[in-house]
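This report concerns only the one structure given below.
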Amino acid sequence: MATGKTSIIGLTRDELTEKLKALGLPAFRAKQIWHWIYTKGATDFSQMTTIAKDQHALLTEHFTLARPKIDKALTSFDSTRKWLLEFEDGNKVETVFIPEEDRGALCVSSQVGCTLSCTFCHTGTMPLVRNLTAGDIINQVLIARDGLSEWNKKREDCLFTNIVMMGMGEPLYNYEQVARALTIIMDGEGIAISKRRITLSTSGVVPMIERCGKELGVNLAISLHAVRDELRDELVPLNKKYPLKELLQACRDYPGATNARRITFEYVMLKGVNDTDADARELVRLLDGIHAKVNLIPWNPWPGAKYETSSRNRQHAFAQIVNDAGYSSPIRATRGEDIMAACGQLKSDSERKKGEKVWLGDRPTSS
Ligand code: SAH
Ligand code: SF4
């Protein structure tokens, strides 16, 4: 960090304990600090009243709890919230909170931009600028808790109950940082959102899917969008590397998928492109043997895109076929459209500077 201080947000509890030990502080301090940050929302050591005042200075000298800057905070007519966050290096990402009656999901970003250029996705028009760190990812959760005033509240009074890794970027191309962040978010002594309430969406990074299931055990969502390789190669270019057959096999093998915990297949409805009855029937055939449910997403427009959304009738006819075959296939309601917060509309003005190396965290630079 520019301040030379270590951000505690992003350290595991063990790492924090070790760092405090090096300063001569006992292990129980780490537990207290963890609690202040992740259950009470402390943003400054001076708020930590259970910690002796003379230690506040020592902690402040070595560590920071600073949140990213909120560049914009918008609220939709349907109560969806969106925050544009600016990190220390000036890069920006968007985070969206989608409230429902008795629950709500935070849609979290994993990268600034995306390498994958899916043709229907606004984020895909950005180059990958950089991977987010675990701290950047967790900070999105903390900012949402701040904005919703949900610190120090009883769990049953909180609307922020779920996390979906469906914001900007491909989470399985930033696996190490995403895994670290989710592990911290799932920690029972802190934010404590359970793996059953976390869904990770991938466009199909096949070699990472098994690891994600084994190590994190979160719900999996697959951005399918096409049922034939030829079309999927075009819509989701990653398909050329990991075609449908391999992707579906990885889903069959996904650790932890059961009838009670199904894999979600996301299918964006593009008029005249992927929305025929024959497509729906082929989808049913492909899903055979997978604990699956289907999420039909009316395509959300963005400036300059070449697609149109399938008609309501077409969406319903498609859903009916999938439903009749025994798969739940709700048509997802569009939320936050007026503030460009709907699925696939997220984009920030971060740009990769000419010649700048992409920071890919733990992954070798390959794009
Ligand atoms: N990169 C990951 C997660 C982020 S995208 C992935 O692709 O899965 C979250 C979901 O929104 C994906 O299913 C994506 O395909 C979909 N999406 C992208 N652009 C969209 C748009 N314009 N309208 C509707 N859904 C879109
Ligand atoms: Fe990236 Fe997902 Fe958008 Fe594809 S749909 S460009 S993988 S964010």
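Some notes on this structure:
- Contour minus Cα-Cα distance for residue 70 and residue 305 (0.36 nm per residue): 81.8 nm
- Here the 3J(HN,Hα) profile of the range 99-115, calculated from phi with Karplus coefficients 6.51, -1.76 and 1.60 at θ = phi - 60°, is x, 10, 4, 10, 7, x, 10, 9, 9, 9, 8, 10, 9, 8, x, 7, 7 Hz, Gly and Pro shown as x.
- Within the accessible area of the chain (1.4 Å probe), percent carbon and sulfur: 49 percent
- Inter-label distance, residue 324 to residue 176: 5.1 nm, where each label sits 7 Å from its Cα along the C-beta direction.
- Within the chain, the longest run free of exposed loop sites, counting GluC sites (Glu not before Pro) that sit outside DSSP helix and strand states (H, G, I, E, B) and have at most 10 other Cβ atoms within 10 Å, spans 102-355.
- Subtracting the Cα-Cα distance of residue 261 and residue 192 from their residue separation scaled by 0.36 nm leaves 22.9 nm.
- Pairs beyond 26 Å (Cα-Cα), from 21/214; 214/293; 5/53; 19/153; 5/40: 21/214; 19/153
- The H on the amide N of residue 350, modeled in the peptide plane, is under 5 Å from the matching H of 92, each at least 5 residues off or on a different chain.
- Over the chain, Cα pairs under 8 Å with separation of 6+ residues give a relative contact order of 17 percent.
- Solvent exposure of the chain amounts to 45 Å² per residue of accessible area, where only protein heavy atoms count and the probe is 1.4 Å.
- Per-pair calculated FRET efficiency, R0 = 45 Å: residue 125 and residue 21 via Cβ, rounded to 0.05: 0.45
- Using only side-chain charges placed at the Cβ, +1 for Lys and Arg and -1 for Asp and Glu, the dipole size of the chain relative to its Cα centre rounds to 380 debye.
- For the chain, cysteines whose Cβ has no other cysteine Cβ within reach (under 4.7 Å): 107, 114, 158, 212, 251, 343
The values are calculated or read from the model by the stated rules, or taken from the named source; none is laboratory data. The model shown is predicted, which means the values in this text are computed figures rather than measured ones. With ideal geometry, Cβ positions are generated from the backbone for all residues, glycine too; neighbour counts draw on all protein chains shown. Side chains included, ligands, DNA and RNA excluded: accessible areas come from the protein's heavy atoms. Shrake-Rupley method; radii C 1.70, N 1.55, O 1.52, S 1.80 Å.
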